[in-house]
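Right, one structure below, let's go through it.
The values are calculated or read from the model by the stated rules, or taken from the named source; none is laboratory data. All of these numbers come straight from a predicted model, not from anything done at the bench. Cβ atoms come from the backbone with ideal geometry, glycine included; neighbour counts cover every protein chain shown. What goes into the accessible areas is simple: the full protein's heavy atoms, side chains included, and nothing from ligands, DNA or RNA. Shrake-Rupley method; radii C 1.70, N 1.55, O 1.52, S 1.80 Å.
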Amino acid sequence: MVVVAHAYVAGADSAYQQSVEKWRQAYESRLKSDTGWLTVTGLFWLHEGENRFGSDPLNDIVLPAEAVPPVAGSFDFHASKTVVHVNPEVPLLVKAKAADGAQLQSDAGDAVPDVLTIGDLTLFVHASGERYGIRVKDKNSKIRKEFTGTQWYPIDEAYRATARYVPYDSPKAAEVPNILGDTEKVSFAGYVTFSLRGQQYRLDAEVVKSGGLFIVFRDLTSGKETYPAARFLDTEPPKDGSVLLDFNQARNPPCAYNPYTTCPLPSPGNRLRVEIPAGEKVYKKH
């Protein structure tokens, strides 16, 4: 009986290890994909009026010469609205149609932005606090080509905790800075409380479209073995007031790999005075 019980526990442990490894592999595959964060190659802030783009280095937005002519067009930016003007014979598309004259939806407030395409490049309007810029992605990004892979702590079930989820009576609005110093407005739907190593902790959480929770946190490994600014943690939708927090799946924000991305910092209450040596470590090139 003891041997059978031990084999059952070992099998359960092995199944859990495999599930986390599978999750980590899928996470890295998304990161390295044609649309992943490694493809971001530029973020150009828009100023009021005309913002010219093309391969000429004197443009406001400089794109690769193999993709566009020296002067390809311009973005007219007024009162947070952006209209693209495209020079003749430049095959810039939006929604599979010629882009000239289109007013572009930005990604402000988690909206789905209008994406411009030309060759291997994609461009869209990105909002960071009160600022707007053109984010450029390139499938042939140097960062993507030179990526050396993610690094992780060994999987440790001690950092897998069942937490109590407490929704706020009404969402708690907050303003948090991002890594560029811009202020982002967030809405915390509730908080989780959980125990690690016999101590109780609390984290504010946002709810995403799937119904799951999204948590931005920092701990005492930050700046040492993990990315200094923050890490992200995603969960399944809470059920009956409980939710599973698996810090073995804590992941880096895209800023850990790419200087052209913008990432939120944790709110003051989400800075834990405890080491959580689980999940993803700081990215280092080999």
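Tell me, please, whether a residue that is free of Cβ contacts under 8 Å to residues at least 60 places away in the same chain, open to solvent by 30 Å² or more (accessible area, probe 1.4 Å) and within 30 Å of residue 152 (Cα to Cα) can be found in segment 31-44. Yes, the conditions are met somewhere in segment 31-44. Residue count for segment 207-256 under the criterion of being more than 18 Å from the chain's Cα centre (by Cα), open to solvent by 30 Å² or more (accessible area, probe 1.4 Å) and within 21 Å of residue 273 (Cβ to Cβ): the result is 4. Taking residues in segment 238-256 that are within 14 Å of residue 158 (Cβ to Cβ), and partners anywhere that are part of a strand (DSSP E or B) and open to solvent by less than 50 Å² (accessible area, probe 1.4 Å), the pairs with Cβ atoms closer than 6 Å and at least 6 places apart or on different chains are 245/161; 245/163; 245/194; 250/231; 250/233. Is it true that residue 169 is buried (at least 17 other Cβ atoms within 10 Å of the Cβ) and not basic (Lys, Arg)? Criteria not met by residue 169. If you go through segment 173-186 and keep only what is open to solvent by less than 60 Å² (accessible area, probe 1.4 Å) and out of contact with any Lys or Arg (no Cβ under 7 Å at 6 or more places or on another chain), you end up with 174, 176, 177, 178, 181, 184, 186. Considering only residues that are open to solvent by 10 Å² or more (accessible area, probe 1.4 Å) and either among the small types (Gly, Ala, Ser) or outside any loop (DSSP other than H, G, I, E, B) (or both), look in segment 268-285 and name the one that is farthest from residue 193 (Cα to Cα). That would be 268. Before we move on, is residue 259 without any contact (Cβ under 8 Å) to a residue 40 or more places away in the chain, under 15 Å from the mean Cα position of the chain (by Cα) and assigned to a loop (DSSP other than H, G, I, E, B)? Yes, satisfied.
Of 188, 147, 194, 217, all but one fail to be hydrophobic (A, V, I, L, M, F, W, C), farther than 28 Å from residue 40 by Cβ and touching a residue at least 12 places away in the same chain (Cβ under 8 Å); the exception is 194. Taken residue by residue, segment 113-134 has at least one member that is closer than 26 Å to residue 235 by Cα, modelled with pLDDT of 95 or more and open to solvent by 20 Å² or more (accessible area, probe 1.4 Å). Within segment 135-163, if we keep just the residues that are open to solvent by less than 20 Å² (accessible area, probe 1.4 Å) and of a type in the set (A, V, I, L, M, F, W, C), the residue that is nearest to the chain's Cα centre (by Cα) turns out to be 136.
Hey, can you tell me all the residues within segment 59-106 that are among the polar types (S, T, N, Q), in contact with a Phe, Trp or Tyr (Cβ under 7 Å, 6 or more places away or on another chain) and either assigned to a strand (DSSP E or B) or exposed (fewer than 15 other Cβ atoms within 10 Å of the Cβ) (or both)? Answer for segment 59-106, where residues must be among the polar types (S, T, N, Q), in contact with a Phe, Trp or Tyr (Cβ under 7 Å, 6 or more places away or on another chain) and either assigned to a strand (DSSP E or B) or exposed (fewer than 15 other Cβ atoms within 10 Å of the Cβ) (or both): 74, 80, 82.
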